[in-house]
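Here is the structure we will look at.
Where a number appears in this text, it was derived from the coordinates with a stated rule and is not lab data. Values in this document were obtained by computation on a predicted structure and should not be read as measured data. Ideal geometry is used to build each Cβ from the backbone, glycine not excepted, and the neighbour counts take in all protein chains shown.
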């Protein structure tokens with residue numbers, strides 16, 4: 001996809017004890033996923049816990065991620081621009097594009113087109129294909145110098161007649177759920193690299 005999406009946060013509960021999750025990281029030595037919690041815990045090793053996602057935050061990530069697919073597809077089709085980096089958190093998205101033009105009007109128009117597509121209420125399709133079949137799809141690679149992961153079966157996210165990408169992140173079921181996005185600013189990050197910031201309207 002167009003870069004990293006923030007991890008889920010939420011709560012863990014054990015009996016009457018509940019803690020907010022502040023951060024999720026990976027232990028580089030063991031590969032275990034670590035949840036950093038708020039406060040001091042009395043939960044013992046081996047205890048059963050219940051995890052719950054902060055749904056409001058997750059839903060914002062889903063909306064922005066699907067919007068990012070639409071925006072990147074528009075800039076790819078119109079200008080041949082690849083995504084060279086990016087990040088999505090619950091409040092903002094930023095994407096870097098391999099684009100020479102730094103005219104703000106280029107991105108204003110792309111965001112306008114994105115919102116028109118969003119308003120159409122297109123169903124977002126998710127399915128799985130072999131890597132061999134995936135690589136036959138025209139325009140499947142929109143990340144600069146990066147092919148889909150070298151695994152035998154890939155998860156495909158398709159917005160019919162708009163975009164199709166191999167992608168493992170969270171998405172809404174229908175583009176209308178996004179509402180709309182607003183362009184915040186455009187930065188010139190060097191030759192052929194423009195950074196776009198946007199948010200949910």
Inset, instruction - Count the DSSP beta bridges whose two residues both fall in the chain, then state the antiparallel fraction as a percent rounded to the nearest 5. - result: 95 percent
Legend entry - Between segment 18-56 and segment 117-179, the Cα center-to-center distance that results, in Å: 31 Å
Inset, instruction - Evaluate the relative contact order of the chain (contact order divided by residue number), counting alpha-carbon pairs under 8 angstrom at least 6 apart; express in whole percent. - result: 24 percent
Inset, instruction - Go through 99-109, 36-46, 160-170 and give me the packing order, highest mean Cβ count within 10 Å leading. - result: 160-170, 99-109, 36-46
Legend entry - Cβ-Cβ FRET estimate between residue 109 and residue 191, R0 fixed at 22 Å, reported to 0.05: 0.50
Inset, instruction - Can you pull the one-decimal nm distance between simple spin-label points at residue 133 and residue 119, each 7 Å off the Cα toward Cβ? - result: 3.6 nm
Legend entry - Principal-axis tilt of helix 55-79 within the chain, Cα atoms, nearest 10 degrees: 20 degrees
Legend entry - As computed over segment 91-188, the Cα convex hull volume per residue (Å³): 123 Å³
Inset, instruction - Please list 115-121, 90-96 highest first by mean number of surrounding beta-carbon atoms within 10 Å per residue. - result: 90-96, 115-121
Inset, instruction - Sort the following peptides by mean Cβ neighbour count (other Cβ atoms within 10 Å, averaged over residues), highest first: 176-182, 136-142, 81-87. - result: 81-87, 176-182, 136-142
Legend entry - Taking N as its residue count, the alpha carbon Rg of segment 4-54 over 2.2 N^0.38 Å: 1.18
Legend entry - At q = 0.09, 0.10 Å⁻¹, base-10 log of I(q)/I(0) for the chain (Debye sum, equal scatterers on each alpha carbon): -0.40, -0.49
Inset, instruction - Using Cα pairs closer than 8 Å and at least 6 residues apart in sequence, work out the relative contact order for segment 4-54, in percent. - result: 42 percent
Legend entry - Projected area, mean over directions - segment 89-137, Cα convex hull, nm²: 6.0 nm²
Inset, instruction - With label points built 7 Å along Cα→Cβ from the Cα atoms of residue 32 and residue 184, find their separation and express it in nm. - result: 3.5 nm
Legend entry - Crossing angle, helix 104-119 versus the chain [Cα axis fit, 0-90 degrees, rounded to tens]: 70 degrees
